1. Could you tell me which of the pairs Lys2/Lys90; Lys113/Lys148; Lys19/Lys113; Lys14/Lys90; Lys14/Lys110; Lys2/Lys125 are separated by over 31 angstrom between their Cα atoms in the structure shown?
2. Please give me the summed charge of the neighbours of Asp160: other residues whose Cβ is under 9 Å from its Cβ, Lys and Arg +1, Asp and Glu -1.
3. Please report, in whole Å³, the volume per residue of the convex hull around the C-alpha atoms of the stretch 134-180.
4. Please list Asp5, Asp139 from largest to smallest accessible area, probe radius 1.4 Å, with all protein chains kept in place.
5. Taking square-rooted eigenvalues a ≥ b ≥ c of the alpha carbon gyration tensor, is the stretch 1-100 rounded, prolate or oblate, where a/c under 1.5 means rounded and, failing that, a/b exceeding b/c means prolate?
6. Given a 10 angstrom Cα cut-off, can you work out which residue in Val126, Val84, Val12 is the most mobile in a GNM of the chain?
7. How do Met1, Met66, Met83 stack up against each other in accessible area, from largest to smallest, with a 1.4 angstrom probe?
8. Leaving ligands, DNA and RNA out of it, report the carbon-plus-sulfur percent of the accessible area of the chain at a 1.4 Å probe.
Amino acid sequence: MKVYDSVQRVLVSKEELQKRIAEIGSEISREYEGKQLLMVCILRGSAIFFADLVRAIDIPVRMDFMAISSYGSGARSSGEVRMVKDLNTKIEDLHVIIVEDIIDSGYTIKYLKNLLLQRNPASLKVCTLLDKPERREVDIEGDYVGFKIPNEFVIGYGLDYAEDYRNIPEVCVIAPSAIK
């Protein structure tokens, strides 16, 4: 079976992804020029987006990584957030941007923002590739949003279903037959 056998349709093409990421990179470059910027990649889902985004930024960028889980191996958030890997960098007085793959229920990013604000960064913003506002269960928004999408389960470009399909180079709606 090929990965595209599990795709119902392409939601965001490779070209649309790269164009929007370049726009976000330019916006971040302008806003943070002359400031110490730390970009925090939330593993694993945002790794591909993160790599493309930091290359689209033309000012110095520090990078660090966190792993947070609220899904397990299913298709719906468990609502319970746990930290799997913390930062290696002290963020006090740094300008921090959390880079996330998707905001849907909002539990994970709200937990993460509250946690990092306790560490006294100079500023803290959220950049998300995808925003699914119909699924929101807590009051939280991204500061930089790639695409608002409908309430459908998506895979590709780093997003997975049961750890598969991250390698699809586009954001796709998963076929119902692929969900176990």
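1. Numbers: Lys2/Lys90 42 Å; Lys113/Lys148 20 Å; Lys19/Lys113 27 Å; Lys14/Lys90 35 Å; Lys14/Lys110 29 Å; Lys2/Lys125 37 Å.
Distance filter (> 31 Å) returns Lys2/Lys90; Lys14/Lys90; Lys2/Lys125.
2. Working: positive: Arg44, Arg166; negative: Glu163, Asp164.
Here the charged neighbours net out to 0.
3. Values: hull volume 5.0 nm³, N = 47.
Spelled out: Cα convex hull of the stretch 134-180, divided by residues, is 106 Å³.
4. On the way: Asp5 95, Asp139 135 Å².
Correct descending sequence by accessible area is Asp139, Asp5.
5. On the way: a/c = 2.85, a/b = 1.26, b/c = 2.26.
Note, shape of the stretch 1-100 comes out oblate.
6. Per the Cα network of the chain with a 10 Å cutoff, Val84 tops the list.
7. Details: Met1 180, Met66 0, Met83 65 Å².
Ranked from most to least accessible, the order is Met1, Met83, Met66.
8. On the way: 4310 of 8950 Å².
Using a 1.4 Å probe with all protein chains present, the chain comes out at 48 percent carbon and sulfur.
The values are calculated or read from the model by the stated rules, or taken from the named source; none is laboratory data. Just so we're clear, the structure is a prediction, and the values are computed from it rather than from any experiment. Backbone-built Cβ (ideal geometry, glycine too); neighbour counts: all protein chains shown. The accessibility values were calculated without ligands, DNA or RNA, using every heavy atom of the protein model including side chains. Shrake-Rupley method; radii C 1.70, N 1.55, O 1.52, S 1.80 Å.
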